[in-house]
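A.B. asks: Below is a structure I'd like to ask you about.
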Amino acid sequence: MASTIGETVGQPVIPDKIPTGEYPVSNWRLSPPAMPAAWLTVPSSSTMTRTLPPLPPPSQPAALADHVQRHFTRVVRYTRPSDWLTGAAVGALSPGLMLYWERVSPSFVGKGGLAPVMRMSCAVGLTGAFLFAYTRTSARFYGSRENRREVDMDMREMVDKVKRGEPLYGKSEMTEYMQGVAHRNSRFSAVFSHVIPWPNFVNHPYHGVDTAKYYRQAELELEQEKQGR
């Protein structure tokens, strides 16, 4: 019995491995199994009658307007009327649901008891409407939503500032270090505004935008104005 156990333990783990380090070639590689003739038959053009649907027209990708959240006032100025209307519809859900629940399941507190609740609901709705519109506009600045209008407005505003000799992103009395702090704190804060609203109230030049395009466009327009005179 002891000799049998010793022989079993002494056997190699991979008994079919050749001592030279080479592995044997399987019989399947030497003589692969025959495939059915139907598998090897290529359908002719006459049998391939499937018609592919026409491709949809390519959609224009969103152009990147800014890597960083713009100043609070500029985001508000660039907000589209459609975004304000959508935000208003979202904000109306809060008081609307309160009125609906009061109708379905009356609280019987009277007008005096319902008025504070409705004031709070309207305040929540107004806050939600503003944050919704503000976040959508910030997303257009980031380039995650369609923003052709914002890109054109940004180009027009910046070119006009170049012509007037004004700083592109306004003046700030804060030090460069504090401007950098404001930039880092509010860089992508708009994507989390539904949890912690953190708008940017600091003018700083750290926007990750190639400002040379504004100066080139301003130079081109000034040259065209000179030629038109």
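A.B. asks: Quick one: with all protein chains in place, what share of the accessible area of the stretch 114-178 is carbon or sulfur, to the nearest percent (1.4 Å probe)? Show your work: numbers first, answer last.
C.D. replies: Working: 2360 of 3720 Å².
Carbon and sulfur together cover 64 percent of it.
A.B. asks: In what sequence, largest accessible area first, do SER82, SER186 appear using a 1.4 Å probe?
C.D. replies: SER82, SER186
A.B. asks: In addition: Taking only protein heavy atoms into account and a 1.4 Å probe, give the accessible area per residue of the stretch 97-151 in Å². The partial results should precede the final answer.
C.D. replies: Values: 3430 Å² over 55 residues.
Spelled out: the 1.4 Å probe surface of the stretch 97-151, per residue, equals 62 Å².
A.B. asks: Each label point is 7 Å from the Cα along the Cα-to-Cβ direction; what then is the distance between the points at ARG229 and GLU146, in nm?
C.D. replies: Label-label distance for ARG229 and GLU146, simple model: 4.1 nm.
A.B. asks: For the stretch 169-212, what does the relative contact order come out to in percent, with C-alpha contacts under 8 Å and a separation of six or more? Show your work: numbers first, answer last.
C.D. replies: Numbers: 28 pairs, mean separation 22.3, N = 44.
For the stretch 169-212, the relative contact order is 51 percent.
The values are calculated or read from the model by the stated rules, or taken from the named source; none is laboratory data. Because the structure is a prediction, the values reported are computed rather than measured. Positions of Cβ are generated from backbone atoms using ideal geometry, with glycine treated the same way; all protein chains shown enter the neighbour counts. For the accessible areas, the whole protein counts, side chains as well, though only heavy atoms, and no ligand, DNA or RNA atoms are used. Shrake-Rupley method; radii C 1.70, N 1.55, O 1.52, S 1.80 Å.
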